[in-house]
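Input: a single structure, listed below in structure tokens.
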Amino acid sequence: MSKLISRRELLKRAGIVGAAAVVPSGAHHLPDDRSTFAPLQTAPVREPLEQLTATESEALEAVVARIVPSDARGPGAKEARAARYIDRALGGALASSRALYAAGLAAIDQIAQSSRGSRFKDLLPGEQDDMLSDFESGNVQGFDGAAAFFGLVRAHTIQGTFCDPYYGGNTGFVGWDLIGYPGVRTLVTPDEQRLGADVPFNHKSAYDYEMFTKAVASAAPMGAIAHGD
């Protein structure tokens, strides 16, 4: 991951195809206040952690914020609450990844402290990107699982940014807005199926519809995105 990579390129590398790369600005009925974005200056109220420790959560929040960063055009993984998705999922469908998260988050803070004198969350964005590049390439002394850890967090960050909000991420539908996905529909008109059709955003989860049930959702794999399957 290049430290100068744009969010658009990040989304392309992440395999998020479609609107993020090809939909022109204003092509959908986005709410007016989403035309530009200014990151929040104060931290929102957070729910109690379910699996991660406070220290692990702080490191993870900083990591996901660099994998899908916010910019002037819109929010990223931090605002989508991808870290909350991961914390919740580590107690369920992603439980087998818990040990690697513990080792990886400890390593990223230890290496940041020893090489740069601060915890990872306190580094400058460029410094964070340099460290994540080393993790991505596996070029990290003393932690053989660096590349595997980065790949895991990257995949889970994408899931948490673009999943159905029922699973704890994509808060406020910011991930779907980012890629131009208008929300789950059980009925799509012929006009809405036309190429280039201007489809209004409805900001609905699959589980806002009676045909889906929360019981089914609880048993489904975490990260079931857009269509709730």
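The values are calculated or read from the model by the stated rules, or taken from the named source; none is laboratory data. This one's a predicted model, so the numbers in the text were calculated from it and none came from an experiment. Reconstructed Cβ throughout: ideal geometry from the backbone, glycine too, with neighbour counts over all protein chains shown. Please note that ligands, DNA and RNA were not included when accessible areas were found on the heavy atoms of the full protein model with its side chains. Shrake-Rupley method; radii C 1.70, N 1.55, O 1.52, S 1.80 Å.
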How many residues of region 120-136 are open to solvent by 60 Å² or more (accessible area, probe 1.4 Å) and either closer than 17 Å to Thr55 by Cα or touching a Leu at 6+ places or on another chain (Cβ under 9 Å) (or both)? The answer is 2
If Ala146 satisfies all but one of (1) closer than 19 Å to Glu79 by Cα; (2) open to solvent by less than 10 Å² (accessible area, probe 1.4 Å), what's the number of the condition it fails? (1)
Considering only residues that are open to solvent by 10 Å² or more (accessible area, probe 1.4 Å) and either modelled with pLDDT under 85 or not polar (S, T, N, Q) (or both), which ones fall in region 163-183? Pro165, Tyr166, Gly172, Phe173, Val174, Asp177, Leu178, Ile179, Gly180, Tyr181, Pro182
Can you run down the residue pairs with Cβ atoms below 6 Å, 6 or more apart or on separate chains, where the first is in region 87-98 and farther than 16 Å from Ala77 by Cβ and free of Cβ contacts under 8 Å to residues at least 12 places away in the same chain and the partner is among the charged types (D, E, K, R) and open to solvent by 50 Å² or more (accessible area, probe 1.4 Å)? none
Test: Ala80 is farther than 17 Å from Leu152 by Cα and open to solvent by 60 Å² or more (accessible area, probe 1.4 Å): no
Among the residues of region 195-202, are any modelled with pLDDT under 85 and crowded, with 17+ Cβ neighbours inside 10 Å? yes
Give the residues of region 136-171 that are touching a strand residue (DSSP E or B) at 6+ places or on another chain (Cβ under 8 Å) and either β-branched (Val, Ile, Thr) or not in a loop (DSSP other than H, G, I, E, B) (or both), sorted by residue number. Gln159, Phe162, Cys163
Would you call Ala59 at pLDDT 80 or above, in contact with an Asp or Glu (Cβ under 8 Å, 6 or more places away or on another chain), open to solvent by less than 40 Å² (accessible area, probe 1.4 Å) and not β-branched (Val, Ile, Thr)? yes
What about Arg88, is it within 29 Å of Trp176 (Cβ to Cβ) and open to solvent by 30 Å² or more (accessible area, probe 1.4 Å)? yes
